[in-house]
1. Give me the pairs: first residue in the range 449-460 and without any contact (Cβ under 8 Å) to a residue 12 or more places away in the chain, second residue open to solvent by less than 40 Å² (accessible area, probe 1.4 Å) and assigned to a loop (DSSP other than H, G, I, E, B), beta-carbon distance under 8 Å, and six or more apart or on different chains, which are they?
2. Within the range 157-199, work out how many residues are in a strand (DSSP E or B) and in contact with a helix residue (DSSP H, G or I) (Cβ under 6 Å, 6 or more places away or on another chain).
3. Going by the conditions given, is residue 145 over 30 Å from residue 206 (Cβ atoms), small (Gly, Ala, Ser) and without any contact (Cβ under 8 Å) to a residue 40 or more places away in the chain?
4. When you scan the range 372-414, how many residues do you find that are surrounded by 13 or more Cβ atoms within 10 Å (Cβ to Cβ) and either among the small types (Gly, Ala, Ser) or over 25 Å from residue 192 (Cα atoms) (or both)?
5. If we keep just the residues of the range 3-33 that are free of Cβ contacts under 8 Å to residues at least 12 places away in the same chain and within 18 Å of residue 64 (Cα to Cα), which is farthest from the chain's Cα centre (by Cα)?
6. Taking residue 30, is it open to solvent by 80 Å² or more (accessible area, probe 1.4 Å), in a loop (DSSP other than H, G, I, E, B) and closer than 30 Å to residue 236 by Cα?
7. Would you mention how many residues in the range 341-371 are without any contact (Cβ under 8 Å) to a residue 12 or more places away in the chain and either of a type in the set (S, T, N, Q) or surrounded by 23 or more Cβ atoms within 10 Å (Cβ to Cβ) (or both)?
8. Restricting attention to the range 290-303, which residues are open to solvent by less than 90 Å² (accessible area, probe 1.4 Å) and either modelled with pLDDT under 95 or in a helix (DSSP H, G or I) (or both)?
Amino acid sequence: MHVIAQPRGSAKSEGHYGHEDTDHYDLIEWITQQPWSNGKVGMVGISGYAGEQWRAAAQGHPALKAIFPYDACSAYGGMFGFRDFNPGGVLHTFPYLLDVFSTVHESRDRPAELPPAEEELWRRAMQNPDFKQYINLYNILTQKGQRTFIMYLMMTHPWEFDGTVERAEETFKKIKIPFYTGSGAYAYTYKLHWLGAQHYFQNVDAPKKLLFTGPAHLERPFHQHHDEIIRWYNHWLKGENTGIMDEPPVRYWLMGANEWRTGTDWPLPETQWKKYYLSHWETLSTEPPRPASELGAAAREPDVFTQMPVTRTTKVERLRYMTDPLPHDVTVAGPITLTLHAAIDQEDTNWIVVLKDVGPDVSVRTAREGERDVPSSLSERELTRGWLKASYRVLDDKRSKPWEPFHKLTQDSLAPVKPGEVVEYQIQILATANQFKAGHRICLDITSMDVPTGTGAMTNVEYIPYHVCSSKTVTHRIYRDAERPSHLLLPIIPQPRDQRPA
């Protein structure tokens, strides 16, 4: 029996969304009282429907035996929690694109005065020159939250509320039932599904499975993975031996190799963490930089790029660092960190870093004519990105890991940068799974801006949003000497000798 319920305040349901702390529990209780019920309940659905499964699981009705929350939104701070939705504190326009392309019905009236504290935050947002350069977003502000409320809230409260992380950690402890979660490689663009799946899997102690699929987005109506869902619920609701819990708990699609792989945990326990250093002539090298005493003072000079704001250009400036063509296949699977030593000439900027697979190409840098430069004709495939607003750089040392920096992100932790000062940034790059084939190159782009790709403040693909970038021209200096060794930390997976078929 399949019960379809609408949370209060959604579609034509009465009340206000977000005020339903016991509704999931009450609905499950109602189901158990029906004559057709055997007292065992599971849930199904993706995205927002998956987020509701986590909320129901935390409410703890004993009849809810298992859940399958795929593409399941943020783990910290609710479905659209700031941390998983805006990693590194860099705001993006997915809520705006989502509402414009959806069937959200919003009543609007003459904007009313807000409570004093909210009115002050609204006035501050209205004066923010970064917001003013995006007229579509600024228009949302003028209506004081009457439309596209999530985007409005992000602009008026661009930080994580105090106590969010601690409340989430208490919620993790409340979830005791088996769960099968996951997302696809496409989801690094809007972040909350990709990060939410990993954070729930890492933090909830219960029988669990994790599925990471490739870059192809799920279709609507949702029909993918239904065979797996049936196997899952036949095991937990009917007691059938489907074999699903005898299989490795982690299954992921390895791009490049284009095959399924399995693992026992995430990050994969067999991971060999390897540093790729930003080096001279915009290269990536596994060799640490040599001391300036050996190379001379020029080794301490930074690499530089200057970005004008989107009001003056749509050209995205960048520094690009690449390995030489790889002599053999290199498999990267898991979360990634960029340690960046840098100075800027303003109080803030956005760091936007892009990991790419570039190739194939057989040329190397030699003394032969035509092989001094990397060819400009190479094909490239974007794998994942990382973001960090410079003023949001303060780390939570208690919760940070070498492969996943955990920034504080609360309002009182924000700190402008002193112009000209060299600062160490730990930038979280969202996890990926890719095999760089022999002859290809590992590539890292370092930028500070992106732009809409469509017309009328749209993008060509609604779930690939652009970000709110600086309204000032900013010069960025990247240091990569022995005293300031900027580097990527990549999760290298050894080639399996007896990989079990997935």
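The values are calculated or read from the model by the stated rules, or taken from the named source; none is laboratory data. Small disclaimer: the values here were computed from a predicted structure and weren't measured. Cβ atoms come from the backbone with ideal geometry, glycine included; neighbour counts cover every protein chain shown. Quick note on the areas: whole protein, heavy atoms, side chains included, nothing else; ligands and nucleic acids left out. Shrake-Rupley method; radii C 1.70, N 1.55, O 1.52, S 1.80 Å.
1. Close Cβ pairs satisfying both conditions: 460/454.
2. Narrowing the range 157-199 to residues in a strand (DSSP E or B): 160, 179-184.
Filter once more, so that each one left must be in contact with a helix residue (DSSP H, G or I) (Cβ under 6 Å, 6 or more places away or on another chain): 160, 180-183.
Summing the residues that are in a strand (DSSP E or B) and in contact with a helix residue (DSSP H, G or I) (Cβ under 6 Å, 6 or more places away or on another chain) in the range 157-199 gives 5.
3. In short, yes.
4. Of the residues in that region, 8 qualify.
5. 33
6. Considered against the rule, which asks whether it is open to solvent by 80 Å² or more (accessible area, probe 1.4 Å), in a loop (DSSP other than H, G, I, E, B) and closer than 30 Å to residue 236 by Cα, residue 30 comes out as no.
7. Within the range 341-371, the subset without any contact (Cβ under 8 Å) to a residue 12 or more places away in the chain is 366-371.
Subsequent filtering for residues that are either of a type in the set (S, T, N, Q) or surrounded by 23 or more Cβ atoms within 10 Å (Cβ to Cβ) (or both) retains 366.
The total comes to 1.
8. Pass one, the range 290-303, residues open to solvent by less than 90 Å² (accessible area, probe 1.4 Å): 291-292, 295-299, 302-303.
Within the range 290-303, 291, 292, 295, 296, 297, 298, 299 meet the criteria.
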